[in-house]
Amino acid sequence: PKISIVLAVYNGSRYLRSAIDSCLNQTYRNMELIIVDDASTDTTADIIKSYADPRIRYIRNKRNLRLPGSLNVGFKAAQGDYLTWTSDDNQYLPGALEEMLCFLQEHPDVDFVYTDMDVLDLTNGKRTFKPCTHGTFYFENSIGACYLYTRKVYETIGEFDPCFEWVEDYDYWLRVEKKFAMRRLARVLYLYGDHPQSMTRLKLYSINFLAYILRFHHGYLTFNEFVGAIGGYMLRFMPLKVSSWLIWGPVIQKISGLDFKLRAAFWGGIFCSLAKKISTLGVLISRRLLKVFKKDRDFQSILSGLLSPDTSKTQVLCIIPFLTMGGSERVMQDVVRGLIPSGYDFHLFCFNRDRNLWTKHFLTYFVNFIGISAIYDVDIYADYLIQIIRQLDIKVILLTNEHMVYKALGKVREVFPHIKVIDVIHLERVGGTHQHISVIGAPLVDWRVCISRHLLAYMKHRYGVWGLSDVLADRLKVIHNGSDPTEFSREYVSPGQFRRKYQIPDGTKIISFIARMADEKNPFIFVNMARGLLAKNPEVPLCFVMAGDGPLLGSLKSKIKDLGLIRYFVLPGAVTHVSELLRDTFLLVVASTHEGIPLTIQEAMLMNVPVISTHVGAIHEIISDGLNGFLIQKDEQVVDNAVLRMQYLLKNEKEYQKMSLRTRQDVYPEFTIKNMCHRYEGLFAQVLNEQKTQMHFVS
């Protein structure tokens, strides 16, 4: 297939030759380079004309159309099956196109791939690694500058919007993300040129501000959050001096070209931000204006509908990021369920997301549910949190992975100095274990619970690297997550219930994958494992069950269909009674890229089901390789190694039975809900006793 690269350039003669050479020197040869000269006045045209390579197509604009307009000209002329674009001060590494194309061809469910890159300082040649991700896509333009996408994307999404110049790429990616699967190829394949005259350097703050407008335009920011962003910029750039006007002048110029709604939001935001900063009257005016945009009014309505707290019980506020189904939410549910009989009432505060049967069941354990739309203004979030604590007489906050809480805790503690905070962290480099979160949050929480010894050791090491004191490190403790040994017991669950429900024949071996269908769980790898096992064992009746919901579910179904494997797979979505599936399961497979200690592994082992898992996180604390399961390295041979171990257990009945008998005894009683809740109950009693002592001392 042909690949089209569009290179739009305006007076870029200084670095242009390196950019062109990097395109022409690609190992993948079937490409065209469409260079759009945006009416340059330097030697750009001469440099382009000096090349005799027939793959170059040169287009010169009669007038300056700016970057979005030039890109649209280039893509209209593009003939390729796959498309991308680059800039005159950036360079592809030689294998970039070939590797990205191979990735898209190997993942037919994906239409857009992007890679990591090195930032190249063009003044001194220094290179700095820049990982790229769309995990933080709704907060920043994090895709990077090296990508390849199918023509279907272009034909569906259309042109770049000239109104969003400087953030035209971010606007385009946000539009793409709503309709197509975007995946990261974790390889450095691009050099991003950094120099004093680059657009990123010259317009950094203006670009960042326009990105806020863009997120508001696409519905990823509320008006409240937008006002907060404007307020932050006003606080920093309001002084009347030339440098400030260099920020505000271009922004106001760009705003004037947007539609009425965005112009009105911008000037309304300016007014609200000013009003919030001018005395008590200003705050009142601001709140009145904000009510026009409904957000604050909705929150007050939620507060007015809350049930009053039971004064005979200790009130606990649980905080999670989103109302969605996942392992950390399951742990929160089990802790709440286990501690309710001990004199606690629990209330839940989070951002709304999924509303399905699982979340409906989840909410039954909480006296009150305060669910709001996502906000990222810390002042507003802290104000909401303070109002909840005051109205419900909260004594303890139990939180997990919610970034906003850490930032808001300082203000909360000013109002409620004796409130106790317990933070549960699940795996390294995720959620509350990030450096910027730990540095802010660790001094403000009373205890941080690590769900494994591996995580405890990791966090203590990182605390030292980050310069956090030993006193804070001593507030880390291990409490393993637990599962219900009664619910997950072969004696408790009758065999065949899941088989009958999904018409799976009795003699068929079921190999299960139970997880949220998301990138970090690697569901596509499991499909490849299944394909490999089927190819090597055509005589063995096999069924592969992939239980769970998530953003990749539709793509998975398409891939399984394209591979012609539909008759071997069952995809039941989110399974309410996991124990029924595990009772009929021969083997559980975990293929995650990173993990703590997944609950599904505990549950499978309690059901005497051996597990094959990637060797990540703290899984080695529960799986002993070769004794109660298998650990495989997360490398290029992960599929082949998993298939070999599956084959071994399929063909060696005695070894399978020996392994199966060990599984339950190796997790009981350490990884049980009773054990976990007993430890949390002791921790709650400890912090409440500390609270009483502090209050008595102050009084």
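Some notes on this structure:
- Of all the residues in the range 331-361, those that are at pLDDT below 80 and either touching a Gly at 6+ places or on another chain (Cβ under 9 Å) or not in a helix (DSSP H, G or I) (or both) number 5.
- Residues considered: Gly464, Gly410. Of these, the only one that is of a type in the set (Gly, Ala, Ser), open to solvent by less than 50 Å² (accessible area, probe 1.4 Å) and without any contact (Cβ under 8 Å) to a residue 60 or more places away in the chain is Gly410.
- Any hit, the range 179-197, residues being open to solvent by less than 20 Å² (accessible area, probe 1.4 Å) and among the β-branched types (Val, Ile, Thr): no
- The residue that is surrounded by the most Cβ atoms within 10 Å (Cβ to Cβ), counting only those in the range 72-106 that are over 22 Å from Asp38 (Cα atoms) and charged (D, E, K, R), is Glu99.
- Test: residue in the range 113-120 that is closer than 20 Å to Ala181 by Cα, in contact with a helix residue (DSSP H, G or I) (Cβ under 6 Å, 6 or more places away or on another chain) and at pLDDT 90 or above: yes
- Filter result (open to solvent by 30 Å² or more (accessible area, probe 1.4 Å) and in contact with a helix residue (DSSP H, G or I) (Cβ under 6 Å, 6 or more places away or on another chain)) within the range 478-513: Val478, Asp484, Glu487, Pro495, Gln497
- Cβ pairs under 6 Å, 6+ apart, first in the range 82-99 and among the aliphatic types (A, V, I, L, M), second open to solvent by 10 Å² or more (accessible area, probe 1.4 Å) and at pLDDT 95 or above: Leu83/Tyr154; Leu97/Tyr28
- Scan of the range 432-464 for residues that are out of contact with any Lys or Arg (no Cβ under 8 Å at 6 or more places or on another chain) and more than 17 Å from Val378 (Cβ to Cβ), ordered by number: Ile451, Ser452, Arg453, His454, Leu455, Ala457, Tyr458, Lys460, His461, Arg462, Tyr463, Gly464
- Of all residue pairs spaced 6 or more apart or on separate chains, those with beta-carbon atoms under 8 Å, a first member in the range 479-502 that is on the phi > 0 side of the Ramachandran plot and a second member that is part of a loop (DSSP other than H, G, I, E, B) and open to solvent by less than 30 Å² (accessible area, probe 1.4 Å) are Gly496/Asp584.
- Test for Val616: is it β-branched (Val, Ile, Thr), crowded, with 17+ Cβ neighbours inside 10 Å and under 29 Å from the mean Cα position of the chain (by Cα): yes
- The residues of the range 495-517 that are closer than 27 Å to Pro551 by Cβ, basic (Lys, Arg) and not in a helix (DSSP H, G or I) amount to a single one, Arg516.
- Matching residues, the range 6-58, being of a type in the set (Asp, Glu) and closer than 26 Å to Cys102 by Cα: Asp21, Glu32, Asp53
- Note on the range 138-159: residues that are open to solvent by 10 Å² or more (accessible area, probe 1.4 Å) and either basic (Lys, Arg) or assigned to a helix (DSSP H, G or I) (or both) total 6.
- Among residues of the range 362-388 being part of a helix (DSSP H, G or I) and modelled with pLDDT under 85, the one that is least open to solvent (accessible area, probe 1.4 Å) is Phe362.
- Selection of the range 522-573 for residues being touching a residue at least 60 places away in the same chain (Cβ under 8 Å), hydrophobic (A, V, I, L, M, F, W, C), assigned to a loop (DSSP other than H, G, I, E, B) and within 27 Å of His594 (Cβ to Cβ) yields only Leu552.
- Filtering the range 55-66 for residues that are crowded, with 20+ Cβ neighbours inside 10 Å and within 38 Å of the chain's Cα centre (by Cα) leaves an empty set.
The values are calculated or read from the model by the stated rules, or taken from the named source; none is laboratory data. Source: prediction; values computed, not measured. Counting neighbours? That spans all protein chains shown, and the Cβs are built from the backbone with ideal geometry, glycine included. SASA here: full protein model, heavy atoms, side chains in, ligands and nucleic acids out. Shrake-Rupley method; radii C 1.70, N 1.55, O 1.52, S 1.80 Å.
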